[in-house]
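Nothing in this text is a laboratory measurement; each read-out follows from the coordinates by a stated rule. On a predicted model such as this, the values are computed, not experimentally measured, just so you know. With ideal geometry, Cβ positions are generated from the backbone for all residues, glycine too; neighbour counts draw on all protein chains shown.
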Amino acid sequence: MRVPLMAGNWKMYKTAREAAEVIRALRADVADVADVDVVVCPPFTALAAALEAARGSRIAIGAQDCHWEKEGAFTGEVAAPMLADLGCRHAIVGHSERRQYFGETDATVDRKVEAVLAHGLTCIGCLGETLQEREAGQTLTVLERQLRGGFARHLTSARLVIAYEPVWAIGTGRTATPDQAQEAHTFLRGLVAEVAGGDAAARLRILCGGSVKPDNVAALMAQPDVDGGLVGGASLDPASFARIVKFRG
Ligand code: PEP
C-alpha cells in the first residue's frame, strides 16, 4: 500500500519570514491528517525558518535541488550532506525548470539522485515531456529516455519518488487529464518493473504535477497509479495546499 505524498514546490517564492508564516498556518490546517505524507520545498534561504516552523508537525521540509558532490569549489551550490545536516528530509531533482534554464541533463540528474539517496534524503525526481514532444507523439519515448538516463540505477531505493510533470502543464493552468496522467504513470511503473523488478515498481510512488489544484486533485488521485502530487503555485497558499493534502474530502 503506497502512502500518498503531497509535495509543495515553492520555487523562487517567499522570504524566511513568509515561509515560517505559511508553514505555521499549514501545520494547523493539516494537523488532523494522518494518512498523507506532506512535504514543503522552500528556497534554500528559507529552509531553516521552515524547519523551525514545522518542528514537531507532520510536515517534512525539502530542498528544490542540490549538487552531486558532497563539497567542493562549486560557487553558489548546496550539497546533499548540508541539507541533511540542516534537517531536510527530501530534495527535488531534475525539475523541468532546472532542465530548461540551468542545463540539467539526465546525466546530472543521475549523479544528483545518487548524492541525495547516499545522504539519507528522499529524492523527488522529476520527468515529463514538452508540448512539442507530446504533439509529435513522443511522450512515452521521452519518459523512457529520462527514466533510464536519470533514475535507472536508483529504482530499487525505497527513498526514491518519481514526479511525472508534463512541461506544458507546469504553471500554465493546463493540467494533464486523469487519463493522460494514468497512461504516463502506468507506462513508467511498467518500465520500472522491467528495469528493477516488480517489488520496486509496486513500491514506487509516482506523483503527478503540473497545475494541480484543489479542484482537480481528487480526480487525479482517483487514478490507480497516481500516488500524490508535486504542486507549485497552489502550494504557496496554506489553505489551498491543505485542501490538496485533504483530497479525500
Ligand atoms: C511544479 O513546480 O513542479 C509545478 C507543478 O508547478 P505548478 O503546480 O504551478 O504547475
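Rounded to the nearest whole angstrom, the semi-axes of the ellipsoid equivalent to the stretch 1-143, taken from the Cα gyration tensor as √(5λ), stand at 26, 20, 14, largest first. With each label modelled as a point 7 angstrom along the Cα→C-beta vector, the THR177-ARG159 pair spans 4.0 nm. From most to least packed by mean Cβ count within 10 Å, the peptides 219-225, 187-193 give 187-193, 219-225. Taking label points 7 Å from Cα along the Cα-to-Cβ direction, LYS70 and ARG17 give a separation of 3.9 nm. Cross-link partners of LYS112 among lysines, defined as those whose alpha carbon lies under 28 angstrom from its own and excluding same-chain residues fewer than eight positions apart: LYS11, LYS14, LYS70. Note on the chain: with charges restricted to the Cβ of Lys and Arg (+1) and Asp and Glu (-1), its dipole about the Cα centre is near 440 debye. The amide H of GLU104, built 1.01 Å from its N in the peptide plane, has ARG99 as neighbours under 5 Å, considering only residues 5 or more places off or on other chains. Around the amide H of ASP37, modelled in the peptide plane, lie the amide H atoms of LEU5, MET6, all under 5 Å away and 5 or more residues distant in sequence or on another chain.
The relative contact order of the chain comes to 21 percent, based on Cα pairs under 8 Å that sit 6 or more residues apart.
Plugging the Kirkwood radius over Cα pairs into Stokes-Einstein for the stretch 100-193, at a temperature of 10 °C and a viscosity of 1.306 mPa s, what D comes out in µm²/s? The diffusion coefficient I find is 115 µm²/s.
Residue ranges 171-181, 87-97 sort as 87-97, 171-181 when ordered by packing (mean number of other C-beta atoms within 10 Å per residue, highest first). Counting only DSSP H runs of at least 4 residues, each contributing -39500 (n - 2.57), and dividing by the residue count of the chain, the helix-based mean residue ellipticity at 222 nm comes to -11000 deg cm²/dmol. In order along the stretch 44-51, the phi-based Karplus estimate (6.51 cos²θ - 1.76 cosθ + 1.60, θ = phi - 60°) of 3J(HN,Hα) comes to 3, 5, 9, 4, 4, 5, 5, 4 Hz; Gly and Pro are listed as x. Diffusion coefficient of the chain by Stokes-Einstein, Kirkwood radius over Cα pairs, 20 °C, 1.002 mPa s: 120 µm²/s. Label point of ALA218 set 7 angstrom out along Cα-Cβ; within the stretch 132-176, amide nitrogens under 20 Å from it belong to 175-176.
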